[in-house]
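Encoded as structure tokens, the structure appears first; notes follow it.
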Amino acid sequence: MSGGTESYNIEGDYIVVKALQDGVTLIGLTRGKETKFHHSEKLDKGEVMLVQFTEHTSAMKIRGKAQIWTKHGQLESGA
């Protein structure tokens, strides 16, 4: 980024989420004293999203049926 003062941590952990049904929701939660929702995305069946944890995102909430891959292994969320 030229001219900006923001710094992004590009070395945070990643997860991969694949929607197994329409309408899977991914919600990013903030870091800090109070955890707040700061971003959400909807995925339809078959869509895949690669998500990175950053200095602003400390957790992800996933609603709906999806496959999730992390460096710790694979899991599936329920419907």
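Taken over the stretch 31-60, the criterion of being under 14 Å from V17 (Cβ atoms) and among the aromatic types (F, W, Y) is satisfied by F53 alone. Restricted to the stretch 12-57, and to residues that are among the hydroxyl-bearing types (S, T, Y), surrounded by 15 or more Cβ atoms within 10 Å (Cβ to Cβ) and not in a loop (DSSP other than H, G, I, E, B), which residue is modelled with the lowest pLDDT? Per the criteria, the residue is T57. Looking across the stretch 63-78, the residues that are in a loop (DSSP other than H, G, I, E, B) and either basic (K, R) or surrounded by 11 or more Cβ atoms within 10 Å (Cβ to Cβ) (or both) come down to G64, K65, K71. The set of residues in the stretch 55-75 being among the basic types (K, R) and in contact with a Gly (Cβ under 7 Å, 6 or more places away or on another chain) consists of K65 alone.
The values are calculated or read from the model by the stated rules, or taken from the named source; none is laboratory data. Keep in mind that what you see is a predicted model, and the values were worked out from it rather than measured. Note that each Cβ is placed from the backbone with ideal geometry, even for glycine, and that neighbours are counted across all protein chains shown.
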